[in-house]
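Report on one structure; see the data block that follows.
The values are calculated or read from the model by the stated rules, or taken from the named source; none is laboratory data. The model shown is predicted, which means the values in this text are computed figures rather than measured ones. Here the Cβ is made from the backbone with ideal geometry for all residues, glycine too, and neighbour counts use every protein chain on show.
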Amino acid sequence: MVMYQRKLDVRYHTDVLIAGGGPAGVVAALAAARQGKSVRLIEAHSCLGGMGTAGLVPAFMDFTDGVNFLADGIGREILDAVRAADGAIPFRRSIGIRTEVLKRVYDRLLEDAGIPFTFHTQLVDVIVHEGRVDAAICAGKTGLFAIRAAVFVDCTGDGDVAALAGAPYEKGDPDGNMQPGTLCSLWSGIDWEEVEKSESAGMGNDRITEAFEDGVLTVEDLHLVGIWRVGATLGGGNIGHTFGLDGTDEESLTEAYLWARKTLPQYERYYKAYRKGFEDMELAATGSLMGVRESRRIVGDYILNVDDFRERAVFDDEIGRFSYPVDLHPARPDQGAYEEYRGKWVNLRHEDGESYGIPYRVLTPKGLKNVLVAGRCVSTDRSMQGSIRVTPGCYITGQAAGVAAAMSVPVGANTRGIDIRELQARLKGLGAYLPNCHV
């Protein structure tokens, strides 16, 4: 054991500190700043956007329920900006992402709002006193330093702030199994016209079993998500799984990166030999961040659960509605796990115009007074994390957390001391979709 102690400078003071610059963090920062509070954002990586940029996740999932625009407000503003910059490519039922365009959109939005932020700023600890976080301890190239804030918004994806502060959390199923990760990738030389013709004729992933039998794919992973169109000849690959991944453990992440990079050539051989339109494809890049689908779920004042999904739940403290299906990738590469995944994917989904409510209470971690969570780590059961974790869902919870954080500052930095009707009114003022809130 090593004892290490030193005094740190408090480098910044701010009303609201946003930890993590992914989709939830960007929107939370903008929402809080638009309420007139001082905001600072820290991001451990080299760009904003998280999985959708550094992670090369190739597409936005549905912003709508087929009728209503659910991720409205700042989410719509981001999508409109990406479209205006030719960064969104309609592909099948989703929207392909030009990641460099999305990066610039995020940069511009925060710069135009005058929100200070730094990259390569890693949260390493928090100082907590009687359920209140007093300071975040950060590491940068300049060394260790502290940031004091009235309210902290945890948009790290893994719930790092809340977990370090002592909030309870859950992870995986009762046996600790979690969804596998994917190291997303960028491919050039794809003939998209030929791909469309082939898939329209029903010749999509029908030969994958043959590829297993031929030894081209050595792990019998039946769940091949696919490649999205992200350019004239470019494709964004959400292909291959890193089974057994724990995204909160650096050794597990290291093994996953090594495995994914080692096995991507197998998928290149598969696409070239068994799929039409991919014969000349070439690997251009892999993501600099592992695509982590599941890690901590911070336990809040309410746990959004799969029954809420089935019942299209409505809540008095609703801060948004969402409708993405329950998408739990199989934890093992076998037929039984794949069939279980398919059953949930087919059956746990809504019809057009249907959605479930998201209560404010999933953003308030138990035992913490001045911390909110947004994005993948909000308080849900495992099934609901499989729905709410995608980018539009992160926009919804990030927007609510940003407004709530700003409102909490003048009431003693108490996230439970705000008026929910006023929160809903302010969210509607930003454009949020809240059909059940008559304020």
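Okay, here's what the table says:
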{"read-out": "Search result, residues across the stretch 51-77 that are buried (at least 23 other Cβ atoms within 10 Å of the Cβ) and over 15 Å from the mean Cα position of the chain (by Cα)", "value": "LEU70, ASP72, GLY73, ILE74"}
{"read-out": "The listed residue being assigned by TED's automatic domain parsing to the domain that holds GLY52 and farther than 22 Å from GLY157 by Cα, out of LEU372, LEU363, LEU368, LEU423", "value": "LEU423"}
{"read-out": "Residues of the stretch 108-133 satisfying the condition of being loosely packed, with under 15 Cβ neighbours inside 10 Å and over 29 Å from ILE74 (Cα atoms)", "value": "VAL124, HIS129, GLU130"}
{"read-out": "Residue in the stretch 184-198 that is polar (S, T, N, Q), at pLDDT below 95 and surrounded by 15 or more Cβ atoms within 10 Å (Cβ to Cβ) present", "value": "yes"}
{"read-out": "Residues of the stretch 306-356 satisfying the condition of being charged (D, E, K, R) and either within 20 Å of THR182 (Cβ to Cβ) or in a helix (DSSP H, G or I) (or both)", "value": "ASP307, ASP308, ARG310, GLU311, ASP327, ARG332, ASP334, GLU339, GLU340, ARG342, LYS344"}
{"read-out": "Some residue of the stretch 158-179 being of a type in the set (Val, Ile, Thr), farther than 28 Å from THR233 by Cα and crowded, with 22+ Cβ neighbours inside 10 Å", "value": "yes"}
{"read-out": "Residues being in a helix (DSSP H, G or I) and polar (S, T, N, Q) - total across the stretch 92-138", "value": "1"}
{"read-out": "Residue check, THR254 modelled with pLDDT of 95 or more, among the β-branched types (Val, Ile, Thr) and either surrounded by fewer than 18 Cβ atoms within 10 Å (Cβ to Cβ) or under 19 Å from the mean Cα position of the chain (by Cα) (or both)", "value": "yes"}
{"read-out": "The one condition in (1) farther than 30 Å from GLY412 by Cβ; (2) within 23 Å of the chain's Cα centre (by Cα); (3) not hydrophobic (A, V, I, L, M, F, W, C) that TYR4 fails to fulfil", "value": "(2)"}
{"read-out": "Residues that are small (Gly, Ala, Ser) and in contact with a strand residue (DSSP E or B) (Cβ under 8 Å, 6 or more places away or on another chain), drawn from the stretch 351-369", "value": "SER355, GLY357"}
{"read-out": "Of all residues making up the stretch 357-400, the number that are of a type outside the set (A, V, I, L, M) and within 11 Å of the chain's Cα centre (by Cα)", "value": "14"}
{"read-out": "Pairs, first more than 17 Å from PHE212 (Cα to Cα) in the stretch 254-283, second surrounded by fewer than 14 Cβ atoms within 10 Å (Cβ to Cβ) and of a type outside the set (Ser, Thr, Tyr), C-beta under 9 Å, six or more apart", "value": "LYS276/LYS197; LYS276/ALA201; GLY277/GLU193; GLY277/LYS197; LEU283/PRO265"}
{"read-out": "Selection from the stretch 405-433 of residues that are in contact (Cβ under 8 Å) with a residue 60 or more places away in the chain and among the small types (Gly, Ala, Ser)", "value": "ALA405, ALA406, SER408, ALA413, GLY431, ALA432"}
{"read-out": "Any hit, the stretch 190-208, residues being aromatic (Phe, Trp, Tyr), outside the structural domain of SER408 (by TED's automatic domain parsing) and farther than 18 Å from VAL371 by Cβ", "value": "yes"}
{"read-out": "Qualifying residue in the stretch 336-351 (condition: surrounded by 16 or more Cβ atoms within 10 Å (Cβ to Cβ) and modelled with pLDDT of 95 or more)", "value": "yes"}
{"read-out": "Subset tally (residues that are over 23 Å from ILE78 (Cα atoms) and either touching a helix residue (DSSP H, G or I) at 6+ places or on another chain (Cβ under 6 Å) or assigned to a strand (DSSP E or B) (or both)) for the stretch 360-380", "value": "4"}
{"read-out": "Search result, residues across the stretch 146-175 that are assigned to a loop (DSSP other than H, G, I, E, B), under 25 Å from VAL371 (Cβ atoms) and within 21 Å of the chain's Cα centre (by Cα)", "value": "CYS155, THR156, GLY157, ASP158, GLY159, ALA167, PRO168, GLY172"}
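Residue by residue, here is whether (1) closer than 22 Å to ARG312 by Cβ; (2) within 24 Å of the chain's Cα centre (by Cα); (3) outside any helix (DSSP H, G or I) holds:
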residue	(1), (2), (3)
GLY402	no, yes, no
ALA405	no, yes, no
VAL409	no, no, no
ALA413	no, no, yes
GLU422	no, no, no
ALA425	no, no, no
LYS428	yes, yes, no
TYR433	yes, yes, yes
ASN436	yes, no, yes
